[in-house]
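Take a look at the structure set out below.
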Amino acid sequence: MIPFVKPVGGESAYLGQREKRFNFSPPSKVNYHKYLEMIKVDPSEFTCNYKPWKYQLEPNSSCNLSCTMCAVSEWKTQKRAPDLSLDQFHTVIRENECLLELNLCPLGEPLMRGDDYFEMGKFARSQEIWTRTVTNATLLAVNENYKKMAAVGFNEIVISIDSFDDAEYASIRRGSNLSKVLSNVELFHNHFVEQSISIPTKLNAVLTTSNKDSLYKIIQGGVDLGFTNISITVDSFNWGIESFSKNNVYDQLDVNALSAVSSDWGKQGINVGYVLTTNRFLHKSPDLHQKCSWPFSSMYIGSDLRYPPCCHVGDPDVFEILPPQASSKDVCSPLEVWFSSSYDQFRRSHFSSGNLPDVCKACYVDQ
Ligand code: SF4
């Protein structure tokens, strides 16, 4: 079996943070246990009697790059929607006292959001929520963002670098420059060392047709840059848009070789894990553990408070879960949407008796 990516700091850091959140907000523990009990039941008995415990929340919906494997490259402009305000952010977080994890990250680049983004991160951390973010690292040196980002106390900061070859990198991350990104990451890592803060970064690379033969160089490049956590997305998303499926090279990879790479680096203290999205879930199985976990545990919340099903779609203009009352209201809160009949219907489409939406079919092996 392919070794999946681990959280920065390992399971102990991740579960330790969860215990802190349970203590900070006791309803979160009750809710999480309700969830664990409910996903054990037969689908015919399933009722969503708990709140989502994981959010991916967009501070903004804009990017400064146009990467070949990203849905942003399909947008007419590099901004899909207005930014999430700080007030809206506080309202969303306060609405759900059961939230355990937050991925504060857009389909785009969060450092474009300005200083409110750091305030959002700090607020989530003040509530003992496991908080993660993702950046392309192009703007780390601007306005001393690297210092502000380090001061947030994120549990995990994922930095996207898909190649350590200048030309290959530039052909994938269109609009960026590898040497600038490498110097930014060096600046960032040095700052953590100077401040005596353990480095919470993780390198992520998405393998596509452009770089599928560069795995070893990517890992070595990451290690040379000071990363001890490396995740490799071996199964690039298609964002619910068929034309992106051509990027997916999973069938061309040797899973045993990937496992051996992880094991070899593990002996040197480098955590290499893989992100697998499609080719995983079983629609015909009655076991809810065999289904995509998004509909049952997590929400993706756009910066305009719209609700695509997950980060693998990310763009509500491609697919969104729209509560019936949305026509009469400008926006609905996450929990209004989570407990709506539309969300229930979306959840039930993952049961063997349901009809999966087209956007989800690539994630199931038996569709
Ligand atoms: S099955 Fe649907 S909700 Fe789950 S990851 Fe795939 S596209 Fe997203």
How charged is the neighbourhood of Pro27? Take every other residue with its Cβ under 11 Å from the Cβ of Pro27, and add Lys/Arg as +1 and Asp/Glu as -1. +3
Sequence of Ser245, Ser210 once ranked by neighbouring C-beta atoms within 10 Å, starting from the fewest: Ser245, Ser210
Dipole magnitude of segment 10-363, debye to nearest 20 (Cβ charges: Lys/Arg +1, Asp/Glu -1, about Cα centre): 420 debye
Counting Lys and Arg as +1 and Asp and Glu as -1, each charge on the Cβ, what is the dipole of segment 220-367 about the Cα centre in debye, to the nearest 20? 340 debye
Which part of segment 184-205 falls in the paramagnetic zone of Val142, meaning amide N under 20 Å from the point 7 Å along Cα-to-beta-carbon? 184-189
Roughly speaking, what is the centre-to-centre gap between segment 182-204 and segment 230-285 when only Cα atoms are used, to the nearest Å? 26 Å
Note on segment 184-341: C-alpha Rg/Rh, Kirkwood Rh, two decimals, gives 1.05
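For Leu288, Leu253, which order do you get if you count the other beta carbons within 10 Å of each Cβ and list the fewest first?
In increasing order of surrounding Cβ atoms, one gets Leu253, Leu288.
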Can you sort Phe319, Phe188, Phe46 so the residue with the fewest Cβ neighbours within 10 Å comes first? Phe46, Phe319, Phe188
How big is segment 82-141 by the Kirkwood estimate over distinct Cα pairs, in Å? 12.1 Å
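So what is the calculated 222 nm ellipticity per residue for the chain, using -39500 (n - 2.57) for each DSSP H run with n of 4 or more, over all residues, to the nearest 500 deg cm²/dmol?
It comes out at -10000 deg cm²/dmol, rounded to the nearest 500.
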Could you list log10 I(q)/I(0) for segment 1-62 at q = 0.29, 0.30 Å⁻¹, which the Debye formula gives when each Cα is one point scatterer? -1.12, -1.14
For the chain, taking Cα atoms only, what is the radius of gyration to one decimal and the Dmax to the nearest whole Å? 19.8, 58
If contacts are Cα pairs under 8 angstrom and at least 6 residues apart, what is the relative contact order of the chain in percent? 19 percent
The ³J(HN,Hα) series, computed from each phi in segment 141-156 with the Karplus coefficients 6.51, -1.76 and 1.60 at θ = phi - 60°, rounded to the nearest Hz and given as x for glycine or proline, is 7, 6, 6, 6, 4, 4, 6, 5, 5, 5, 6, 5, x, 3, 6, 8
Which are the unpartnered cysteines of the chain, meaning those with no other cysteine Cβ under 4.7 Å from their Cβ? Cys48, Cys63, Cys98, Cys105, Cys292, Cys310, Cys311, Cys332, Cys360, Cys363
The chain - share of DSSP beta bridges that are antiparallel (%, nearest 5): 5 percent
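Only the coordinates and a few stated rules stand behind these numbers; no lab work does. These numbers were taken from a predicted model, which means no experiment stands behind them. In this analysis, Cβ positions are derived from the backbone assuming ideal geometry, glycine residues included, and neighbour counts consider all displayed protein chains.
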